[in-house]
Each structure stands twice: as structure tokens, then as C-alpha cells.
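Single-structure report; data block below.
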Amino acid sequence: MGFEMGDTSVPGEVHRHYERLADTYDDNWAYNPDYLWWMAARIAEALEIEPSDRIADIGCGTGLFAREVANLVNPQLPLQCVDPSAAMLKQLDPSEGLWPIQASAEDLAQRRVQLPHAPLDAAWMKEAVHHVADKGATLAGLAEQLAPGGRLLIVMLPATIEYPLFSEALKRYEALQPNPADIAQHLTSAGLRTSLTYVEHQLTLNTERYLAMVRARYMSLLSLFSDAEIEAGIEEIRRRHPEPELSFPDRFAFVLGRREESVSPSVPSEVPGSGP
Ligand SMILES: C[S@@+](CC[C@H](N)C(=O)[O-])C[C@H]1O[C@@H](n2cnc3c(N)ncnc32)[C@H](O)[C@@H]1O
């Protein structure tokens, strides 16, 4: 498995969080293959992916959604899976047409790492944009890597969520989560034709499983809490939700930017030396 190495420029605590989570990351969703398929189908549909497209999943994690998208689209080139975490990328199976590239979004945007199959026709970044410090500059750099007609999709949680988390976690979430409308504005400023839509599906899962996910800090937000705070939070969730199954809406913002096709100049360019 060949990694393209970059100066991944990801803060230490974020990096450590994902290195720790990598081995068990897929377990959080393995019980719910319908969700993976549903999300992959929404991504492929929004990006209008064609098999001949050069594709990248930026902040791909273990590549669990890239694998589903590859199954749906059957791309002719390997799907480029970009993530700064080596532990996450180690979970990828290159035989499934996925190509691991160790880099951050910033590495790509600033061209510290070059993608083997570029410029991009279709790229997405799911639940990773909140880790990018300078969102305007990085999204502008990514937009520059699109081919004419290329699409960039940012999939992110909305400004508020209805997860059955403890109240302090929800409060911190709302303080920290970037607003999808601001992300849309960054894509517009980068010269892309931009739209903001939402997709939603109902998540139903065993309460104990959800509590185990909270204990495993399945959201990076939860890594801001100490073990004692997590245990107190779990007790709060148990008090509020004594039911054996939790069911709640999982809503995602889809911020889509499209680079215009090149417009052929209406006046033919002059050939040097051909004038009178
Ligand atoms: C919540 S996980 C999402 C993984 C996958 N996209 C998914 O939806 O399951 C966030 C991922 O973003 C990666 N990440 C963190 N900082 C990043 C950055 N600056 N650029 C790109 N990816 C980053 C992490 O290593 C992690 O794999």
C-alpha cells in the first residue's frame, strides 16, 4: 500500500483522537449497512459521479463511504482516499479500487501533496471540514483542483443536532460546529456555483450500543471531555432515555460547489506574428 506523504498539518489532539479511534471506527456503523449505502447513494447522486471521473474522498477516514460509492459507480480509476491519519488509511483495502493518500485537506489545497489522478471531476469531504483551521483558504485551494465542470461536495452536520447526547456535549457542539451557510459562502467566494441542501434519515439503534459509542468518543467533540465527564454524561443520557432503543433524525448539510465549464473565447486568440 503506497502512501503519498505530506506535511499533514493536523493539530496533535485531533490526530491522536483518530489514531485511537481507527481500529474500531467501522464497528460504529457496521450494524447499519443501510445507512452506509444510503449516504453513499446521496453523495454519488449529488456529485453526479460518472465512472470516467477522477474522484477523491478528502478526510475519508477508513474509506467506508468511498467503498460504497465505488460499488455504486464502478469508477474506471482508483478512488483517491485522502486522510492525514495513517491508522485510518490502514483500514482501506486497495483491492476494492481505493487508493490511500496520507495528507490533509490543507496539504492538497496548498499543493504540498499532488494527487495522481487530477484535476478532479468529483470530490467530497464528509464530516471533516470542522477540523480545517482556515476554511476559506483551504476550500479555495481545493476548488482550484477541480477540472472544468468539476464538483466539490462538503457533507457536514447542521448547526444544531437532535442527537440524544448529554446537554453539555450539545452545548459544546453548537459553540464549535461551523455553519453550513458559511461553508457555502466560502465555495461561492472560491468561484464555484454553490447550493446548500439537507438530507435526513432516521437513525434507530440499541441504547446500550449508542452509549458504548459515546464512551468510545465516536464524535471528536466527545474527546473534549474527561473520562469522568463522559461517565456522568452517560448517566444523564440513561436518565433521559430509559427506552431500550433510541430513534432520532440524522440530518446532514450538503454544500455543493461546481466549477463552470470553460467558456470558449468568442474572439479567436491572435496567433503571434500573423498580423499585417
Ligand atoms: C469524523 S471522521 C470522518 C471520516 C469519514 N469521512 C466518514 O464520514 O466516516 C473525520 C476524518 O477527518 C480526518 N481529518 C482531520 N483533520 C483533517 C484535515 N485537516 N484534512 C482532512 N482530513 C482531516 C480525520 O483523520 C478523520 O479520518
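Annotations
- Hits in the stretch 114-139 (condition: within 11 Å of the ligand (Cβ to nearest atom) and in a loop (DSSP other than H, G, I, E, B)): GLU127, ALA128, VAL132, ALA133, ASP134
- Which numbered condition PRO158 fails, given (1) over 19 Å from PHE254 (Cα atoms); (2) out of contact with any His (no Cβ under 9 Å at 6 or more places or on another chain): (1)
- Scan of the stretch 103-113 for residues that are more than 14 Å from the chain's Cα centre (by Cα), farther than 17 Å from HIS186 by Cα and assigned to a loop (DSSP other than H, G, I, E, B), ordered by number: ARG111, ARG112, VAL113
- Selected residue (only one of GLN114, GLN80 is closer than 25 Å to GLY149 by Cβ, of a type in the set (S, T, N, Q) and crowded, with 22+ Cβ neighbours inside 10 Å): GLN80
- LEU165 vs. criteria assigned to a helix (DSSP H, G or I) and either of a type in the set (A, V, I, L, M) or modelled with pLDDT under 95 (or both): no
- ASP107 surrounded by fewer than 20 Cβ atoms within 10 Å (Cβ to Cβ) and in contact (Cβ under 8 Å) with a residue 24 or more places away in the chain: no
The values are calculated or read from the model by the stated rules, or taken from the named source; none is laboratory data. The structure presented is a predicted model; accordingly, all values stated were derived computationally and were not measured. When we count neighbours, we look across all protein chains shown, and the Cβ atoms used for this are built from the backbone with ideal geometry, even at glycine.
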